[in-house]
Amino acid sequence: MSQAKSLLDLMQIRAHNRDYLESINGTLGTALGYKKKSGFGVSNEPAIIVFVPRKINPKWIPGTNLIPDRLEGPSGLWCPLDVVEGGKAEAEDPVPDSPSELAERLRGWDAQVWSGSQVAHWVGEEGSYSMGTLGAFAKRRSDDKLGFLTNKHVAIEAGQKLYHPVPWGTHLGTTTTVHEFVLDENWYTGVDEENSWVRVDCAFVELESSFDVNDINPEMMGVGKLGSVKEISLNDMSILGQKVLRVGRTTGLRYGTVVGFGYEHRDGADFSVYSDLLILGDDGIPFSTHGDSGSLIVTHDNKHQPIGLLWGGWQEKLRTGSAQENWTYGISLSRVLNLLNIDLVTE
């Protein structure tokens, strides 16, 4: 038998044990990461992380309900299990818009539209509106049409008009392509679970033809020029521990760390849903909140390589002793760009 060494190994073991993992009492889902050893922090041992509402010493749990220390998968693969206490916060503390100069510029004070700027749309006919974040500018590969990348739940559907900074402001573009879910076998090579989908939540919005391109700045405000897109490999564990940052209209510039990959859960649905990236904000500061949806996730180094598209996040308890933290969910950017048939514009 051989111990798992890569994300793909862990995904195959998890798929092989899907029925058991979903039968664990109160399970909140699973993710791929490194095992945490009591008193020693996170190890370098690839593991499947099982989130449960309450973690109890095995001494007080009947043997039939004990979660094993390890799981075996196909072709002699095995990996340890790491049981982690987690749970949705009973109520989210509202996060006010950041008063920083950078965030205020993103919300419309600046004379240009940047990666991270605010976009908005009218909701129905009732006069209400919704706001999100422009991730990055991009060009469609088929015809070089200029536009921008954001979430599907920000861009809504083909034909939706988006404005900057508010719906009664300037018409910035019109949504042409959206995707919300993709079958897991079409997203992850070598993984196919029955009735499982990856939440991709992405959209391409074509720039309004009358919009002056001189009013566009493809840099990420407060960060600088974007580097080349970073591929996320399933053949190793290198994405785990990656330091990242993002810029969004609500909280401005935030920093975080990738702590898990391939988070899979049901959350009351009759199908399982994956998200590629599980990110925690650094220093106990949430990595994102409402309105930051659509933000581009880039490496926190001198390369500023885009690696993901942020689609959500809310207050959760991830590990005992860490109190309320913020899980942010993101999707692999290179796969999103291929799905939308676009390339980022960095000049």
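Readers should treat all values here as calculations from the given coordinates under stated rules, not as data from a laboratory. Keep in mind it's a predicted model, so treat the numbers as computed, not measured. Every residue, glycine as well, gets a Cβ built from its backbone with ideal geometry; the counts of neighbours run over all protein chains shown.
The amide H of Asp236, built 1.01 Å from its N in the peptide plane, has Leu7, Leu8 as neighbours under 5 Å, considering only residues 5 or more places off or on other chains. Going by neighbour counts of Cβ atoms within 10 Å, the residues His153, His164 line up, fewest first, as His153, His164.
Looking at Phe261, Asn341, Pro99, which one has the Cα that reaches farthest to the positive end of the dipole of the chain (charges on Cβ: Lys, Arg +1; Asp, Glu -1)? Of the options given, the answer is Phe261. Pairs of Cα atoms nearer than 8 Å and 6+ residues apart set the relative contact order; for segment 102-218 it is 25 percent. Cα-based values for the chain, radius of gyration first and Dmax second, are 20.5, 69 Å. When the pairs Lys145/Lys230; Lys145/Lys243; Lys35/Lys303; Lys243/Lys303; Lys35/Lys243; Lys139/Lys243 are compared against a 21 Å limit on Cα-Cα distance, Lys145/Lys230; Lys145/Lys243; Lys35/Lys303; Lys139/Lys243 fall above it. Exposure proxy ranking for Arg14, Arg266, Arg246, based on other Cβ atoms within 10 angstrom of each Cβ and starting from the fewest, stands as Arg266, Arg14, Arg246.
Taking other Cβ atoms within 10 Å as a rough exposure proxy, Cys202, Cys79 sort from fewest to most as Cys79, Cys202. Each residue of segment 203-215 was assigned a 3J(HN,Hα) from its phi angle through the Karplus expression (A = 6.51, B = -1.76, C = 1.60, θ = phi - 60°), giving 7, 10, 10, 6, 5, 4, 4, 8, 6, 6, 5, 5, 8 Hz with x at Gly and Pro. Here the Kirkwood formula, the inverse mean of 1/r across different C-alpha pairs, assigns segment 102-218 a hydrodynamic radius of 15.1 Å. Taking packing as the residue-averaged number of other Cβ atoms within 10 angstrom, the listed peptides 284-294, 43-53 run from highest to lowest as 284-294, 43-53.
Using the scaling law 2.2 N^0.38 Å as the reference, what is the normalised Cα Rg of segment 220-338?
Working: Rg = 13.8 Å, N = 119, 2.2 N^0.38 = 13.5 Å.
Here the Cα radius of gyration is 1.02 times the empirical estimate.
Rounded to the nearest 10 degrees, the angle from helix 7-16 to the longest Cα principal axis of the chain is 60 degrees. For segment 120-172, chymotrypsin sites (Phe, Trp or Tyr not before Pro) are listed when DSSP marks them as loop and at most 11 other Cβ atoms sit within 10 Å of their Cβ; the list is Trp168.
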